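Shown next, in C-alpha cells, is the structure this report addresses.
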Amino acid sequence: MNAETPDRARHAHHATPGAEHGERVGVYVCHCGHNIANTVAVEEVAEWAGQQPNVIVARDYKFMCSSLGQELIEQDIQQLGLNRVVVAACSPHMHEKTFRTACQRAGLNPYLFEMANIREMGSWATDDREAATQKAKAQVKGAVDRAVRQQPLEPLYVDINPNTLVVGGGIAGLTAALELANAGYHVYLVERDSSIGGHMAKLDKTFPTLDCAACILTPKMVDVANHPNITLLTWSEVLSVHGYVGNFTVRVRKKARFINEELCTGCGTCVEKCPVRIIDQNFEVGLGYRKAVYRNFPQAVPKYPVIDTEHCTFFQRGKCRACEIVCPTDAIDFNQKDTFVDLEVGNIILATGYEQFDARRVSQYGYGRLANVFTSMEFERMVNAAGPTAGRVVLRDGVTVPRRVGIIHCVGSRDKNHHEYCSRACCMAALKFAHLVHERVPEAEVFNFYIDIRASGKHYEEFYHRVLAEGTHFIRGRVAEVTDAARGPGEEGQLIIQVEDTLIGKQRRIPVDMVILMAGMESRKDARQVAALFGLGCDYDGWFTERHAKLDPVVTMTEGILVAGACQGPKAIPESVAQGSAAAARVAGMIGQRVMKMEPVRASIDASSCSGCRICNNLCPYHAITFHEDRKVSEVITALCQGCGACVAACPSAAISGAHFTRDQVLAQIEGILWDARQPEVLWLEPQ
Amino acid sequence: MAKPTFAMYWAASCGGCEISLLNVGELILDVDAAFDVVFWPCVADFKYQDVEGYPDGFIDLCLFNGAIRNSENEELAHLLRRKSKTLVAFGSCAYEGCAPGLANLTTNAATMRTVYTDSLTTDETRGNLPQPVSQVPEGEISIPVLYETVRSLDQVVPVDYIIPGCPPEARQIAAVLRAVLNGMPLPAPGGTIIGAGNVALCEECPLAKNVKQITRFYRPYEIVPDPGICLLEQGLVCMGPATRSGCGALCPQVGMRCEGCYGPLDGQDQGARMLAAVASVVAAGGSHLDEHAQAREIAAVMDTLVDPAGTFYRFSLAHSLLRRARVADSSA
C-alpha cells in the first residue's frame, strides 16, 4: 500500500460533538513536505485542534493539496457530515481555490471553507519551533472560530466585453495587441507618443543575433496600423478608468495633432519645409534635431506628423504657416482641439514600459559635464543607420573617430545609492556595443568595465565569447570616476577611467576618447499615477506588481488589469514579447468564457442604519457607492463592488458590511487568534 | 396597593445627570406622585443602612448614574443591583465611563500628583495627599479605595437598561418616564438602550452633508465654521457619524462639533470607528507620491488632530475594546 494513502493519514483526532454553534468543522494541518513540518509540530497542532469546540475531526497530512489530501477532505465531508472545513497550510493565494473546489465537489458551499496560513506566516517566518507551533494553533483557532460563523455564498456572474484596451505601443503592447487581434478580438491600442514602436524603434541592432531592430519591428507596426481588429490611438492618453473586469469604461484624450488625418498622405513636405529646428530630446535623446512639425522617424506609424505648439512659430507668434502653404492636401488644421473618446472594454493590458536612468545622477561619471561621455541610448542612436550620425561612431564634435572606447556597466543599477536591482538588458547591450564599435571602427580598442557579466539567455553566453574573441578588454571592477584631469603626459586630452581592477587587485587609470554609460532601467516617473488610475499596485521601485512573481506574472491583483513588458520590471525584448503574448492569451482565455464568475465578497449598506454622513462616498476605488439625496442614504452597487472593504472599515456607524468578512466573523477570528492571551487585568488596587 | 418604589444614585460623576432629570420639569411631580422615593441621596437624606434593610428586589426602578471609580461605588453597585427589580445605567458615566473613564489613560499616582501637587492653584508645600487610613482621636477611619481602572456599571453588575447621554436629554428622560408611568411595555431588558436612536447622529443633524476631503483638522476655537455645512467636512472632528442619535444634534446645529456623548452604535467601538472613518477621508498623500512622501503628507495632516484619545474616546474609553492604557508609572 502506498504510504501516502488517506488511510494512513496519521492521528484522526475526534472531539466530542456538542458544538456551541452546531457547526461541524474539519481541520486539516498540512506538513507541506518539510516546509511546515520542519518548524511546526503539525501532529501536535492537529491533536490540539481536535479538542477545540465545534471541531469534529482534525488530521495532519503530508500534502493536503495533493489529490489524496483533497480526497481526505471530501470523504470527511460526506462521511462525517462536516459543514465547515479549515485547512492550515500555505497562503490562500496559493491553494484557497484548490480546497474550495474540493469542498464544492463534496457538496459543501465553497465559502464555508477557511484557510490558515501557517507556512508563509509561520514556518517560513521563524526557526523557533515552539513559537511557530503556538502561532499555528492560534491561527487554526481563529480560522475555526471564523468558519463557524461563515455563511454560504453564491458567486456572481458578469458578461465579459470582448474588447481589450492595450496601453503602450512598445514591443510588449504591440505583441499583445496583434495576438488578440489575430484571435479575432477587437483591440484599442493607446500610445502617448506620436508613433508606436517604443524604445525598440530607437535601436539599431538587437542582441545576441544582431538582427536589425527596425527590420523586425516595423512590419509589426504596420500590421498593427492596418489590422481591421485594431483601433490605434496615438498621441493619446488614458484619463480615467471606471468599472470592473469585463466591463470597464475608459476615457481617452486624443491630443490635437493639428493634422487632419483624413487628408494627410504622410508625404512629409510640411516637415521638410518647416523652418524651426530644435534638438530632439525624446526620440533622438538630444543627439539630433527635429522640426516643429515632425515625425519621430521616417517609418513612424501612423505616418501623420504632429505639430509641437511650444516651438511652432505660428502657435508662438501667429505667423509662418509654412506647412499649411506647402501641404498638397490641405491637411494642416491649426484649429484642431483635443478630443475625448470613451471606450468600453472587458480587459486592460498595461504595457507602459520603462524610462532610462538619468546618468547625470551618477555625477562622478561626468555625463552632462564631460562632452564625450555618452549614455547607452545616445550610442544606440549614433550607431543606428537612420540616426543623427547615419551610423558613424564619432565624438561629440561630430567628426573625430574615437580610438579607445570605455563602456561602463551598471550605471544606476546594482547600486545602493540608486537602484539595487539589476536592469538585466544592459550587459548584453554593452557587449553588443563593443561588437558594433569593432565593426564600425576596426582599429579601436574597447574596454568593458563590469561587476559581473550577466549573459543568462539563449545564445547570450556564446555572444559574450564572440565579443571576447574580437579583442574587447574586460576589466572587472566598478568604475570610481571618469575625469579629464590628466596626471601625466599620456593622459592629456583624454578621459581617464579610474577603476580598481579586482582581478589583479590594482588601481588602474585607463585613458579613452569616448565613454558609454550603460544607464539602467527605471520605472516611469508617473508609474504611481498610472497604477492608481488603473487600480493596481506598485512595488518600492515603482514597477507594477504582478499577482504572483512566478506563477502569475502578467495578471495583477485587480481583476481584468494585466501587465506586460518592462512596466512590471526590467526586461529585454524577448521577455517583453513573451509577456505581451502571455497577457494576450490570458485575456483571450477570459473572453472565451464569455461570462465570468466573480467572488461574491461584496459590501452592502443597511439603509436603516445609514445616517447619510457620506464618509464612504469618495472612498470607493471602483466608484460603486452612490448617495441617494432624497432618502439621505448611501448604497453600494453590487455589480461594481469588488469587495475591497475600504468602505466597510470606514463606515463610522457600521452600517456597511462585507460578505464573507462580516464583523462577527472577523472579530471571532481575532478572538480565536488571541485564545491564549492573558485576560487583561482591568482592576488594580492602589499599592498601599 | 403600595406605590412602586424609585431610587437614584450618584457614583463617579459630575451631578449633571441629576440636574438633567430635574430638567424634565413638572413631570417630576408626576414621578413623585406615582413613585415612592426610597433612596436618592442627592435630594433626600437616606443612609446606606436604609437600603441594606430593604428586602431584595424592593426597588422597582433604580437610576444609577456615575462610573465605578472606587470601592464605595462598587459596593453600592452590588447593593443596588440586589435591591432593584430594574437597574438603569443612567447617563454616560454609568454606561461607558465617560470623563472619569479617561483616568484609564494614566495611573492613580499620576492623577493624584496632578491634582494635589502639580496643580498651580494648590499649596503643595505640606505634601498632603488623601490618606486611605487616618488615625484620629476617636480611632482609625478610612476612605474608599481608589481603583486604578475606572469601570462602567455593566462591567461590575448586570444592568437592565441604559439611558445614554452626558447628560441624557431631558426630553428623552421624560419620554422614558412617561412610558413607565403609563405602564407601557419597555423593550426586553439586558443592557438594552432606551431613550436614544439606533442610527448615527447625522440622521437627525440638519447640516448639509457633502463628500468629505479633509486637508487639515481644527479645534473648535480655531475656526468659525460655515453655518449649515457638515462640521466634519470643515475639519472639525465631529463625532456624529460614530455616535448614537437621540439628542437631536443640538451641538452641531450651533457650530459645536459633536463630542460623542451618546456613545457608540450597537456593538461598536466608538473611537475606533471614528478614527477609521476620519483616516478614510483625509485628502493627502496622493497616489502620485512615493510611499515615504505619502506617509509624510498624511502624518502632517494627522498632526493637526490634537488629543486623539480625548477626541475619539472622550466618553467611551472605559467601555471600549481597549478599556485602559497600559502605563508604566515613571515615578514609581
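No lab work stands behind these numbers, since they all come straight from the coordinates. Bear in mind the structure is a predicted one, so any value in this text is a computation, not a measurement. Note that each Cβ is placed from the backbone with ideal geometry, even for glycine, and that neighbours are counted across all protein chains shown.
So, how do all the Cα-to-Cα distances of the stretch A:270-323 break down into 5 Å bins, in percent, from 0 on up?
Cα pair-distance distribution for the stretch A:270-323, in percent: 4, 21, 31, 24, 14, 5, 0.
When the Debye formula is applied to the Cα atoms of chain B, each taken as the same point scatterer, what base-10 log of I(q)/I(0) results at q = 0.11 Å⁻¹?
Result of the Debye calculation: -0.81.
Over the stretch A:6-147, what number does the Rg to Rh ratio reach, with both radii from the alpha-carbon atoms and Rh per Kirkwood?
Ratio value, two decimals: 0.93.
Wrap a convex hull around the Cα atoms of chain A, take a quarter of its surface area, and give that in square nanometres.
Taking a quarter of the hull surface, the average projection is 44.3 nm².
Once you have all Cα-Cα distances for the stretch B:47-153, histogram them in 5 Å bins from zero and send the whole-percent values.
The distribution over the stretch B:47-153 is 2, 11, 15, 17, 17, 15, 11, 7, 3, 1, 0, given as percents.
Give me the mean projected area, in nm² to one decimal, of the convex hull enclosing the Cα positions of the stretch A:300-366.
One quarter of the hull surface, i.e. the mean projection, equals 9.4 nm².
Given a cut-off of under 8 Å on Cα pairs at least six residues apart, what relative contact order in percent is computed for chain B?
18
Let's test this: bin the Cα-Cα distances of the stretch A:157-255 at 5 Å from zero up to the farthest pair and state each bin's percent.
P(r) over the stretch A:157-255, rounded to whole percents: 3, 13, 22, 21, 18, 12, 6, 4, 2, 0.
Give the percent of DSSP beta bridges with both residues in the protein assembly as shown that are antiparallel, rounded to the nearest 5.
For the protein assembly as shown, the DSSP antiparallel bridge percentage is about 45.
Taking H as built 1.01 Å from N, whose amide H comes closer than 5 Å to the amide H of B:Tyr9, not counting residues under 5 places away?
Placed amide hydrogens put B:Leu63, B:Phe64, B:Asn65 under 5 Å from B:Tyr9.
Over the residues of the stretch A:429-477, compute the C-alpha Rg and express it relative to 2.2 N^0.38 Å.
It is 1.08.
Cα centroid distance between the stretch A:60-84 and the stretch A:272-315, in Å?
67
Roughly what angle does helix A:67-80 make with the longest principal axis of chain A, taking Cα atoms, 0 to 90 degrees, to the nearest 10?
With both axes taken from Cα atoms, the answer is about 30 degrees.
Label points 7 Å out from Cα along the Cβ direction at A:Ala469 and A:Leu263: separation in nm?
In this crude spin-label approximation the distance works out to 5.9 nm.
Figure the gain on full extension for A:Tyr289 and A:Arg105 (residue separation times 0.36 nm, minus the Cα-Cα span) and round it to one decimal in nm.
This chain segment gains 59.6 nm when fully extended.
Taking every pair of alpha-carbon atoms in the stretch A:357-521, give the share separated by more than 19 Å as a whole percent.
Roughly 53 percent, once rounded to a whole number.
Counting other C-beta atoms within 10 Å, and keeping those with at most 10, which DSSP coil trypsin sites (Lys or Arg not before Pro) do you find in the stretch A:426-479?
Sparse-neighbourhood loop trypsin sites (Lys or Arg not before Pro): A:Lys458.
Alpha carbon centre of the stretch A:126-149 versus the stretch A:660-675: separation in Å?
Result: 13 Å between the Cα centres.
Going by alpha carbons, how many degrees (0 to 90, nearest 10) lie between the helix axis of A:573-593 and the longest principal axis of chain A?
40
Mark the label point 7 Å from the Cα of B:Thr114 along Cα→Cβ and return the residues of the stretch B:72-108 whose backbone N is within less than 14 Å of it.
Residues B:99-108 fall inside that zone.
What FRET efficiency comes out for B:Ile141 versus A:Leu674 if R0 is 35 angstrom and r is the Cβ-Cβ distance? Round to the nearest 0.05.
Approximately 0.20, to the nearest 0.05.
Can you compute log10 of I(q)/I(0) for the stretch A:603-659 with the Debye formula, treating each Cα as one identical point scatterer, at q = 0.31 Å⁻¹?
Reported log10 I(q)/I(0), two decimals: -1.52.
Could you pull out the chymotrypsin sites (Phe, Trp or Tyr not before Pro) across the stretch A:491-584 that fall in loop regions by DSSP (anything but H, G, I, E, B) with no more than 13 other Cβ atoms inside 10 Å?
A:Tyr540
Taking a point 7 angstrom from the Cα of A:Val341 along the C-beta vector, which residues in the stretch A:164-204 have backbone N less than 11 Å away?
Correct set: A:166, A:187-191.
Sort A:Ile591, A:Ile332 so that the residue with the fewest other Cβ atoms within 10 Å of its own Cβ comes first and the one with the most comes last.
Result, fewest neighbours first: A:Ile591, A:Ile332.
For the stretch A:568-651, which GluC sites (Glu not before Pro) are in a loop by DSSP, counting at most 14 other Cβ atoms within 10 Å?
Filter output for the stretch A:568-651: A:Glu629.
Given the Cα-Cα distance of A:Glu272 and A:Arg663 and 0.36 nm per residue of separation, how much length would full extension add, in nm?
133.9 nm
In terms of Cα to Cα distance under 27 Å, which lysines are near enough to A:Lys337, apart from those fewer than 8 places away along the same chain?
Hits, sequence-local ones excluded: A:Lys254, A:Lys255, A:Lys273, A:Lys291, A:Lys303, A:Lys319, A:Lys525.
According to the Kirkwood expression over distinct Cα-Cα pairs, how big is the hydrodynamic radius of the stretch B:106-228, in Å?
Computed over Cα pairs of the stretch B:106-228, the Kirkwood hydrodynamic radius comes out at 20.8 Å.
In nm, to one decimal, how far is the A:Lys597 label point from the B:Arg326 one, both placed 7 Å along Cα→Cβ?
4.5
Taking chain A as the reference, fit the longest principal axis to its C-alpha atoms, fit the long axis of helix A:460-469 to the helix C-alpha atoms, and give the angle between the two in degrees, 0 to 90, nearest 10.
30
Go ahead and estimate [θ] at 222 nm for chain B from helices alone: -39,500 (n - 2.57) per DSSP H run with n ≥ 4, summed, over the residue count, rounded to 500.
Calculated from helices alone, the mean residue ellipticity at 222 nm is -7500 deg cm²/dmol.
I'd like the FRET efficiency for B:Val133 and B:Ile28, computed as 1/(1 + (r/R0)^6) with the beta carbon distance as r and R0 of 56 Å, rounded to 0.05.
Taking R0 as 56 Å, the efficiency between B:Val133 and B:Ile28 is 0.85.
What residues from the stretch A:493-535 fall in the zone where the backbone N is under 12 Å from a label point 7 Å along the Cα-to-C-beta line of B:Ala293?
Hits in the stretch A:493-535 for B:Ala293 at 12 Å: A:525-529.
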